[in-house]
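In what follows, a single structure is set out as structure tokens and then discussed.
The values are calculated or read from the model by the stated rules, or taken from the named source; none is laboratory data. Worth saying up front: this structure is predicted, and the values here are computed from it rather than measured. Glycine also receives a Cβ, built like all others from the backbone with ideal geometry; neighbour counts cover every protein chain displayed.
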Amino acid sequence: MDLDLMLSSLPKLLVAAVVTLKLLSTSLFFGLIIGLLFAILRINKNIFINKFAYGYSYLFRGTPLLVQIFIIYFGLGQIEYLRSTFLWVILKEPYWCAIIAFTLNTGAYTSEILRSAFQTIKPGIIEAGKSLGISNKVIFYKIQIPIAIRQSLPAYGNEIILMMKGTSLASTVTLMDLTGVAKYIISTTFKPIEVFIVAGGIYLFMTFIIHNFIKYLEKKYSFSQ
Amino acid sequence: MNIIRKTILTVLTSLFVIGNVYADKIKIGTEGAYPPWNSKDASGNLIGFEVELAQELCAIMKHECTIVEQDWDGMIPALLMRKFDAIMAGMSITAERQKTITFSQGYADEVASLAVMKGSSLEGMDTPEGVNLSLGGSDVKKALKTLTGALAGKTVCTQTGTIHQNFLESGDVGSVNVRTYKTQDEVNLDLTSGRCDVALAAAVAFTDYADKSGKPVVLVGPTFSGGAFGNGVGVGIRQGGEDAIGKRDAKLLKDFNKAINTARKKGIISKLAIKHFGFDASM
């Protein structure tokens, strides 16, 4: 064990962890919007809208994240027509390719988490609202959505942690995130064990923070209080 | 309690010993993704200059060999962890790597070069044909200055953990925007897509790709050798030691050196080099 190497690589890895957190927070933000949108489409009675939303979540939950990121980064980059459009401004950058892949992936999972949360809301609660003369719109925004979000917290916390680990795939498209920098240090020191232990420790610490934050939210919004 | 401890210890040591003393077959690690040095055919078999050379060297050593595939970025760690006994993967002999492993004498040498897509503004750079960084002098300085100007603000792509990356990060050509990839294939892909303005690798890696893909990839600027580019490509082997394994590694180094001598005298290396590179890259 090369303790000196572990200590000297720690600051570089911590800086890289910021990139990881940026990737994570950006894709979670857009993913949550997409997830909510598609969850609403999923509970729509119209079969076409419903199937369309289902198709999206099936596609992105049914293929590995690595394949998705490769198709978006290397695959789309090979289409000559695309390179002449304004889309190339975004797709040219590995950072945005990673964000697009992560967002679409987490959006698919989030939509399923929220959909099941919507469906577990007891009809009695909605009926109670109706009998009080509250409009459907207000029932949806003020009753269904808050309950669904509370219900989906534990599962969504899991999704955040999975996504955080998923961001390590950004290193496969040249991004210098936590895993990318760890690999870079290894390529000059040839000591994978030491460097990956430190990197793994940082991931573990981030998981610890996320886990406790979700736990705190669950407690705060629990029904029993 | 004692028995349990003993059993565990025996099992653990046997795990390590099996990996080590499995001595008679030499395992050689290669990347299989750096044509024409080493690559894979359509059905996944390892082919290329080094794969054939390894077989020739093993025949001379009268040793049975197996060639195993290993990703480039884990090549030296895998050697150190005894996943194989020798590296033949277009790995240049550099002082940096020699801190960790040792090398046989070089068996082939080949220059590095920048490459761009046809029509790039970097075409027609005013530099000498070749730059040997070990020589130094005003010509080299002038060429590096021209390159520094040409590469400023450009995205330069190269494979992770290579002499090419070391050179780009050495400061010899200023502080360039370097982007690193896991394999040379990915560098080629992003060069053609336009994400990379220019790429740096072994010159043959580009000409081979241009030939096979039909893409208009062209070499620009001088060819590079010496300095950060190392002293030719050799067989990477663990540094010898006093224990049984260390002695075996030391012997392996001697055997490889002898075999390379023989192969060179017989013209085997030249013949294979001409077959795969199109010119005599042997040394």
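Can you find even one residue in the range B:242-249 that is part of a loop (DSSP other than H, G, I, E, B) and in contact (Cβ under 8 Å) with a residue 24 or more places away in the chain?
Within the range B:242-249, the first condition is being part of a loop (DSSP other than H, G, I, E, B), and the residues that meet it are B:242-243.
From what is left, the residues that are in contact (Cβ under 8 Å) with a residue 24 or more places away in the chain are none.
The answer is no, given that none of the residues of the range B:242-249 is part of a loop (DSSP other than H, G, I, E, B) and in contact (Cβ under 8 Å) with a residue 24 or more places away in the chain.
Based on this model, can you work out whether B:Ile67 counts as away from chain A (no Cβ under 14 Å) and at pLDDT 95 or above? Lay out the reasoning, then the answer.
Details: away from chain A (no Cβ under 14 Å): yes; at pLDDT 95 or above: yes.
It is true that B:Ile67 is away from chain A (no Cβ under 14 Å) and at pLDDT 95 or above.
Tally the residues that are within 14 Å of chain A (Cβ to nearest Cβ) and without any contact (Cβ under 8 Å) to a residue 40 or more places away in the chain, restricting the search to the range B:170-187.
The initial filter retains those residues of the range B:170-187 that are within 14 Å of chain A (Cβ to nearest Cβ), namely B:170, B:177-187.
Next cut, without any contact (Cβ under 8 Å) to a residue 40 or more places away in the chain only: B:177-181, B:186-187.
Residues flagged as within 14 Å of chain A (Cβ to nearest Cβ) and without any contact (Cβ under 8 Å) to a residue 40 or more places away in the chain within the range B:170-187 amount to 7.
Select the helices (runs of 4 or more DSSP H) contained entirely in the range A:22-99, then report the ones holding at least 3 residues which are more than 14 Å from chain B (Cβ to nearest Cβ) and of a type in the set (A, V, I, L, M). It would help to see each step written out before you state the result.
Working: elements: A:47-61, A:65-70, A:80-83, A:87-91.
By residue number, A:47-61.
Suppose the filter is within 14 Å of another protein chain (Cβ to nearest Cβ), of a type in the set (A, V, I, L, M) and more than 20 Å from the chain's Cα centre (by Cα); does A:Ala182 pass it? Full working, then the answer.
Working: within 14 Å of another protein chain (Cβ to nearest Cβ): yes; of a type in the set (A, V, I, L, M): yes; more than 20 Å from the chain's Cα centre (by Cα): yes.
The answer is yes for A:Ala182.
Would you check if B:Val220 is of a type in the set (Val, Ile, Thr), crowded, with 22+ Cβ neighbours inside 10 Å and closer than 28 Å to A:Tyr81 by Cβ? Let's see the steps before the verdict.
Working: of a type in the set (Val, Ile, Thr): yes; crowded, with 22+ Cβ neighbours inside 10 Å: no; closer than 28 Å to A:Tyr81 by Cβ: yes.
So B:Val220 does not fit the description; no.
Can you pull out every residue in the range B:232-252 that is out of contact with any Asp or Glu (no Cβ under 8 Å at 6 or more places or on another chain) and surrounded by fewer than 21 Cβ atoms within 10 Å (Cβ to Cβ)?
So in the range B:232-252, the residues out of contact with any Asp or Glu (no Cβ under 8 Å at 6 or more places or on another chain) come out as B:234-236, B:242-248, B:250-251.
Selection gives B:Glu242, B:Asp243, B:Ala244, B:Ile245, B:Gly246, B:Lys247, B:Arg248, B:Ala250, B:Lys251.
With the condition kept exactly as written, say whether any residue in the range B:149-160 is free of Cβ contacts under 8 Å to residues at least 60 places away in the same chain, over 16 Å from B:Ser175 (Cβ atoms) and surrounded by fewer than 23 Cβ atoms within 10 Å (Cβ to Cβ).
No - not one qualifying residue is present in the range B:149-160.
If you go through the range A:128-136 one residue at a time, do you hit one that is assigned to a helix (DSSP H, G or I), within 20 Å of the chain's Cα centre (by Cα) and surrounded by 13 or more Cβ atoms within 10 Å (Cβ to Cβ)? Spell out how you get there, then give the answer.
Our first condition is that a residue be assigned to a helix (DSSP H, G or I); within the range A:128-136, this holds for A:128-131, A:136.
Subset that is within 20 Å of the chain's Cα centre (by Cα): none.
Checking the range A:128-136: not a single residue is assigned to a helix (DSSP H, G or I), within 20 Å of the chain's Cα centre (by Cα) and surrounded by 13 or more Cβ atoms within 10 Å (Cβ to Cβ).
So how many residues does the range A:131-161 have that are without any contact (Cβ under 8 Å) to a residue 12 or more places away in the chain and over 19 Å from A:Ile43 (Cα atoms)?
Here the count works out to 5.
Please determine, by comparing only the residues of the range B:199-216 that are among the aliphatic types (A, V, I, L, M) and not in a helix (DSSP H, G or I), which one is farthest from the other protein chains (Cβ to nearest Cβ).
As a first pass, look at the range B:199-216 and keep what is among the aliphatic types (A, V, I, L, M): B:199-205, B:210.
Next, from what is left, pick out any that are not in a helix (DSSP H, G or I): B:199-202.
Working: B:Ala199: 12, B:Leu200: 15, B:Ala201: 15, B:Ala202: 17 Å.
Within the range B:199-216, the match that is farthest from the other protein chains (Cβ to nearest Cβ) is B:Ala202.
Among what's in the range B:188-198 and is facing another protein chain (nearest Cβ under 10 Å) and in a helix (DSSP H, G or I), pick the residue that is surrounded by the most Cβ atoms within 10 Å (Cβ to Cβ).
Taking the range B:188-198 and keeping what is facing another protein chain (nearest Cβ under 10 Å), we get B:189-190, B:192-196.
Filter again for in a helix (DSSP H, G or I), leaving B:189-190, B:192-193.
Working: B:Leu189: 22, B:Asp190: 24, B:Thr192: 20, B:Ser193: 21.
Among them, the one singled out is B:Asp190.
What's the number of the only condition in (1) modelled with pLDDT of 90 or more; (2) in contact with a helix residue (DSSP H, G or I) (Cβ under 6 Å, 6 or more places away or on another chain) that A:Lys215 fails to meet?
(2)
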